[in-house]
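*Asks:* One structure, pasted below without further comment.
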Amino acid sequence: MRLRRRILRIILFLLAVPVILCGALYGFHKISLWAESRKYPPVGKMVEVNGHQMHVYGEGDGNETLVFLSGSGTAAPALDFKALYSRLSDQYHIVVVERAGYGFSETADVPRDIDTVLEETRSALTLSGENGPYILFPHSLSGIEALYWGQKYPDEVKAIIGLDAAVPTLYLSWGKQLLEDTADHIKLLSFFYRSGLVRLQPEIYNTDPAMTMDVLSDEEKAMYRAVVMRSFMTGSMADEARSCYDNAVNVDSLGKPVKIPVYYFISDGSQVASGWRDTVTDYLSSFENAHYMFLDCGHYVHDEMPDVIAGESINFMKSLTK
């Protein structure tokens, strides 16, 4: 009987240890989030849109306003885009809008259909004191938001400069099931982050392009890590992925905003999809004023080749005023 009780105690102890450790890690994570939020407050303006807080960062005093829109899963857009916008803000006014669940913006239980996303972006800009028309700099997923913006409000979009920006035909070719599976995967990763387990895997964010391209200061890198801890793989990001196919259908059904000037910087596609370059250039072929450049780099083109993109973008934007 004693032996049996001893074995039972050992089993209960072995079961309790991981529970206690996970609880301690979760507690440490929550305390750290609180401390990090106090040490690294939002660097831009916070505005209330659709019942939740959105973060809008701006700098530069130029007459033209450039609006940067992040791709799916980019946890800290205001820092991620710095490599590029810091090369433009001496001549232009730049703005980074962080969608719900991104960066310093709150995660929100609101639909992620393309109409809601676009109207939130437009409202955030207006409430933060910005005025169009804008030159849009979308990365990846936000490419379809930029195109939709041009379809619905052409007077607000002076041009689109795509940073390996997606087109609706990409997501249509992937199919709805793949995108829903992606959303489920994000949900699983969300638990990994919300539980605090991510703090045991610092290489996850230390290998991000923004962290490895020697653009951010040491203080900004620390802020980047803190923002990733609170805003990576959020529920809003999962909802975005789940809505992606239907959003692509919606954008595709309205045709192309062919009169809007566009310049797309296109990666080698190795981190996106096979046939990526053909997918994008085929879509752009019917635009009246379309330019593109192939870049031998990964998906985060603005982090990997900011000098090239900044120089080409400036020349392109100047050509629009001639």
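The values are calculated or read from the model by the stated rules, or taken from the named source; none is laboratory data. Keep in mind it's a predicted model, so treat the numbers as computed, not measured. Counting neighbours? That spans all protein chains shown, and the Cβs are built from the backbone with ideal geometry, glycine included.
For (1) under 11 Å from residue 164 (Cβ atoms); (2) surrounded by fewer than 19 Cβ atoms within 10 Å (Cβ to Cβ); (3) out of contact with any helix residue (DSSP H, G or I) (no Cβ under 7 Å at 6 or more places or on another chain), each residue gets a yes or a no:
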{"position": "233", "(1), (2), (3)": "no, no, no"}
{"position": "243", "(1), (2), (3)": "no, no, yes"}
{"position": "269", "(1), (2), (3)": "yes, yes, no"}
{"position": "285", "(1), (2), (3)": "no, yes, yes"}
{"position": "296", "(1), (2), (3)": "no, yes, yes"}
{"position": "300", "(1), (2), (3)": "yes, no, no"}
{"position": "312", "(1), (2), (3)": "no, yes, yes"}
{"position": "315", "(1), (2), (3)": "no, yes, yes"}
{"position": "321", "(1), (2), (3)": "no, yes, yes"}
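*Asks:* When you scan region 44-75, how many residues do you find that are in a loop (DSSP other than H, G, I, E, B) and surrounded by fewer than 17 Cβ atoms within 10 Å (Cβ to Cβ)?
*Replies:* 5
*Asks:* Shifting gears a bit: Here is a list of conditions, (1) of a type in the set (Asp, Glu); (2) closer than 24 Å to residue 258 by Cβ; (3) under 20 Å from the mean Cα position of the chain (by Cα), and residue 98 meets all of them except one; can you say which number that is?
*Replies:* Unmet condition: (2).
*Asks:* Scan region 62-94 residue by residue and report those that are modelled with pLDDT under 95 and β-branched (Val, Ile, Thr).
*Replies:* Within region 62-94, just 74 meets the criteria.
*Asks:* Moving on. Being among the aromatic types (Phe, Trp, Tyr), in contact with a Leu (Cβ under 8 Å, 6 or more places away or on another chain) and either under 16 Å from residue 72 (Cβ atoms) or outside any helix (DSSP H, G or I) (or both) is the filter here; which residues of region 126-180 pass it?
*Replies:* 134, 137, 148, 171
*Asks:* Moving on to the next point. Only helices (runs of 4 or more DSSP H) wholly contained in region 202-270 count here; list those with 2 or more residues that are among the charged types (D, E, K, R) and modelled with pLDDT of 85 or more.
*Replies:* Per the criteria, 218-231, 235-253.
*Asks:* Suppose we keep only residues that are of a type in the set (A, V, I, L, M) and at pLDDT 95 or above within region 95-117. Which one would you say is farthest from residue 183 (Cα to Cα)?
*Replies:* 95
*Asks:* Sticking with this one: Among all residue pairs at least 6 apart or on different chains, which show Cβ distances below 7 Å where the first residue, located in region 230-254, is over 20 Å from residue 169 (Cα atoms) and the second is part of a loop (DSSP other than H, G, I, E, B) and hydroxyl-bearing (Ser, Thr, Tyr)?
*Replies:* Close Cβ pairs (under 7 Å, with a partner that is part of a loop (DSSP other than H, G, I, E, B) and hydroxyl-bearing (Ser, Thr, Tyr)) amount to 231/102; 234/107; 235/107; 236/107; 237/72.
*Asks:* Residue 106 - would you say it is surrounded by fewer than 24 Cβ atoms within 10 Å (Cβ to Cβ), in contact with a strand residue (DSSP E or B) (Cβ under 6 Å, 6 or more places away or on another chain) and over 25 Å from residue 216 (Cα atoms)?
*Replies:* For residue 106, the condition - surrounded by fewer than 24 Cβ atoms within 10 Å (Cβ to Cβ), in contact with a strand residue (DSSP E or B) (Cβ under 6 Å, 6 or more places away or on another chain) and over 25 Å from residue 216 (Cα atoms) - is not met.
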